[in-house]
Each structure stands twice: as C-alpha cells, then as structure tokens.
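Here, each number is a calculation from the coordinates, and none is a lab measurement. Please read these numbers as outputs of a predicted model, since none were measured by experiment. Using ideal geometry, Cβ is built from the backbone for each residue, glycine included, and neighbour counts are taken over all protein chains shown.
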Amino acid sequence: MDRRTFLASLAATTAVAGSSSLPAAATPAAAAGRGMNILMLTGSPRRHGNTSTMADAFARGAREAGHTVYRFDAAFKNVHPCTACNSCGMDGPCVFADDFAFVREHILEADMVVLVSPMYYFGFSAQLKRVIDRFYAISSRLHTPKKAALLMAYADTNKRKENCVLTHYNVLLDYLGWTDAGHIIAPGMWPAGAIKGSAYLDQAYRLGRSLQA
Ligand SMILES: Cc1cc2nc3c(=O)[nH]c(=O)nc-3n(C[C@H](O)[C@H](O)[C@H](O)COP(=O)(O)O)c2cc1C
C-alpha cells in the first residue's frame, strides 16, 4: 500500500468511527477448526502491575480454552520508534533490527491480537504505541480478518475518561478490519496491585476462557 492509499483508507476509517463493528469474518483458526494463535502485546513498565495481572488472567483462560498465547511485554523489549523513513514502503523490511522481529513473526499468523495497556495521558502507553507504530512496515499484510481485545486500567474513576483509549482502539480495529472480541476496562486503579481481588481479573479470565476460534 502506498502512502496515498493509506491516507485514503484512514479517511474512510474516520468516517465509520463510532459505528458498530465490522461483520465477523472467519479467522484462519476458525477455518481450520483449531485453537487460535493469540498475540498479546502489553505496554506497562510495571512487571506485576494492574494490566500485567489482567494479561496473566486472560492468558490463563485462553490457554485453558485450548488457544496458544504469545506474549510480548513491550516495556522490557528493545523496540525503536518508527522514524518515518518509509524505507519499508509499508510492506517490507524495517531499517531497525530489534525485538519487533518477534511481533512481526507472530502477528501475521495470529488469529487474535490483545492490546494491554495502562492509560497514560488519555492514551495507550508509549511503550505499546511504539510497537503499534511499527505495524507500518507490515501494514499491507495486517488487513486480514483477526479478532482483537483490549485490557486497560486507569486511575480515574470517571468512566468518560476511558473513551479516549476506547475510541483509539475501535478506530484502529475499523482501519485494520479486525473484530472486537471484548474489552475489560478497569477504572480506579492507581497503585500496582490495586486490581488484585477486583472483579476485573475474573472478567479478564472469563474473556480468555470464552474465546472460540
Ligand atoms: C505516565 C503516567 C500517565 C498516567 N496517565 C493517566 C491518565 O491519563 N488517566 C488516569 O486515570 N490514570 C493515569 N495514570 C495512572 C495509570 O493509568 C494507573 O496507575 C494504572 O493502573 C497503571 O497500570 P499498570 O499497573 O498496569 O502500569 C498514569 C500513570 C502514569 C505513570
């Protein structure tokens, strides 16, 4: 995809933002009647923080349901931010040889991608956003049917604040043609560990456990 096509598709995506999800298309796993390959991208620098703990619960449920979960903890990986050199042409090798190679290897084959992030200044954490921006080099090949989910925690107790992250997530899915399989959003979580004992962990577990290819 060239940049003109990319911009045109972004404009089209913006036009449908806020509408209902795209119709669910068959993922490769559904077509083959097997468990899904799930790629989980986490964005918190707290190793045992709230979103990491939600990710653990989700992964446990998904594995119990027969799926394979690959996890990439972006905050502990070396992923250079995209520098817009456009050497990849949105479908080619990236000039940076770093840990994004793991994402590149698994995301193209993934039936489902789970985005896990704390809210940082009303958006995804920079650690996760860095990874999402590197999708640019494989943009053309990411527009295939996949499921997606969002696990997010934030400190505020005003539920309206979550709309910024949710809107970004929904527009991204519309753009990529992925289908939302569910999102667990935990407000009122400030210190690491606040999530323990809350209903959100069980919700994350049950979302993972409920997944069907
Ligand atoms: C840099 C930074 C920015 C944050 N921005 C927000 C914010 O905009 N709104 C909010 O409610 N909480 C914000 N928080 C709080 C985190 O979202 C909250 O502590 C969350 O539970 C952290 O999840 P974690 O334990 O998985 O890292 C911020 C925290 C940090 C460190």
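Summed over region 128-146, the residues that are in a helix (DSSP H, G or I), surrounded by 17 or more Cβ atoms within 10 Å (Cβ to Cβ) and of a type in the set (Lys, Arg) give a count of 3. Can you work out which of the residues in region 44-77 that are within 12 Å of the ligand (Cβ to nearest atom) and among the β-branched types (Val, Ile, Thr) is surrounded by the most Cβ atoms within 10 Å (Cβ to Cβ)? Top of the filtered list is 51.
Of all the residues that make up region 92-106, how many are part of a loop (DSSP other than H, G, I, E, B) and either more than 13 Å from residue 74 (Cβ to Cβ) or in contact with a Leu (Cβ under 7 Å, 6 or more places away or on another chain) (or both)?
6
Taken as a whole, the structure places residue 173 among residues that are part of a helix (DSSP H, G or I), closer than 20 Å to residue 43 by Cα and touching a residue at least 60 places away in the same chain (Cβ under 8 Å). In the set (1) away from the ligand (no atom under 16 Å from the Cβ); (2) assigned to a helix (DSSP H, G or I); (3) buried (at least 16 other Cβ atoms within 10 Å of the Cβ), residue 181 fails one condition alone, (2).
When we screen 179, 157 for residues that are closer than 29 Å to residue 110 by Cα and either hydroxyl-bearing (Ser, Thr, Tyr) or in contact with a Cys (Cβ under 6 Å, 6 or more places away or on another chain) (or both), the only hit is 179.
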